[in-house]
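I have placed the structure first, in the form of structure tokens, so that the comments after it can refer back to it.
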Amino acid sequence: MHFYHTPTSCSQATHILLREARLDFRPHKVDIFTRTLEDGSEYTQVNPNGYVPALVLDDGMLLTENVAIIDWIASQSPVLVPEGRLGRTRHLQVLAYLSTEVHKPFIPLFFLEDEAEQARLREIVAQRFCWIASKIEGDFLFGGRFTGADAFLYVMLRWAAMVGLETSSSFEAFVEAVERRGSVKAVLAAEGLQPLCADASPLPAT
Ligand SMILES: N[C@@H](CCC(=O)N[C@@H](CS)C(=O)NCC(=O)O)C(=O)O
């Protein structure tokens, strides 16, 4: 399958999960500002909405939207979904929260110049991180099992670090546990990024 992504963006969660699920994929970098691929072709020919992530499956079907893509990858590798009768539903609940309550309001924090509006949005996003922090049980959001929601939360925490947004100290152990995973080390190396946790040993970039 083909995977369309932009390093550091929300597509990093998909990147981690494709590796967790050991799915074969060919990565393609997208410049989301010009909506072009590395060969200069127009990305809107692939995803008419112009944003990442996107997957094009081997049969040519296009998948977009973080929640749907993460749910689909988890359906290929059910260890990425919480256990229990409501496991998939609880997973979708957290994915929807991260997508609509954290990811979307977060994006303007990278661009807004109005200080009052920045402060208002930072407050909102910080509160939303508080709720999600209260959901961590053990290493991850659903106990000892790393799920798709953990990958998405990790990317949002990287964004928080990028804009200097203070978040709950209970995320420290979470980030350490996430950055111990081989999938995460490999993705950080592939995207040319350093781990957040100073003790995490990065993989050399290839
Ligand atoms: N509705 C999409 C939005 C994804 C999204 O906002 N992606 C950002 C990167 S984090 C992007 O590609 N932005 C460029 C654009 O919107 O043109 C989803 O949930 O997957």
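General remarks:
- Taking the chain as a Gaussian network of alpha-carbon nodes connected by springs under 10 Å, the highest mean-square fluctuation of the residues PHE111, PHE142, PHE25 belongs to PHE111.
- Listed by chain and number, the lysines placed with their C-alpha closer than 21 angstrom to that of LYS104 are LYS135; residues fewer than eight positions away on the same chain are left out.
- For the set TYR97, TYR154, TYR51, solvent exposure ranked by accessible area (probe 1.4 Å, protein chains only) runs largest to smallest as TYR51, TYR97, TYR154.
- Computed accessible area, LEU193, all protein chains, 1.4 angstrom probe, square angstrom: 40
- Accessible-area rank, largest first, for TRP72, TRP131, TRP159: TRP131, TRP72, TRP159, with all protein chains present and a 1.4 angstrom probe.
- log10 of Debye I(q)/I(0), alpha-carbon scatterers only, for the chain at 0.09 Å⁻¹: -0.33
- Pair ALA116, MET1: separation of 7 Å Cα→Cβ label points (nm): 4.6
- Potential lengthening between ALA96 and ALA68 on full extension [0.36 nm per residue; Cα-Cα distance subtracted]: 9.1 nm
- Rounded to the nearest 20, the size of the Cβ-charge dipole of segment 46-193 about its Cα centre is 420 debye, with Lys and Arg at +1 and Asp and Glu at -1.
- The heavy atoms of MET162 present about 110 square angstrom of accessible area, all protein chains included, probe 1.4 Å.
- Estimated translational diffusion coefficient (Stokes-Einstein, Kirkwood radius over Cα pairs, 25 °C, 0.890 mPa s) of segment 81-181: 175 µm² per second.
- Accessible-area value, ASP71, 1.4 Å probe, nucleic acids and ligands omitted, Å²: 30
- Coil-residue trypsin sites (Lys or Arg not before Pro) of segment 1-82, DSSP, other Cβ within 10 Å capped at 12: ARG22
- Extension gain (nm, one decimal) between SER170 and SER41, 0.36 nm per residue minus Cα-Cα: 42.1 nm
The values are calculated or read from the model by the stated rules, or taken from the named source; none is laboratory data. Everything quoted here is computed from the prediction, not taken from an experiment. All Cβ positions, even for glycine, are placed from backbone atoms using ideal geometry, and neighbour counts span all protein chains on display. Protein only, heavy atoms only, side chains kept; ligands, DNA and RNA dropped before computing areas. Shrake-Rupley method; radii C 1.70, N 1.55, O 1.52, S 1.80 Å.
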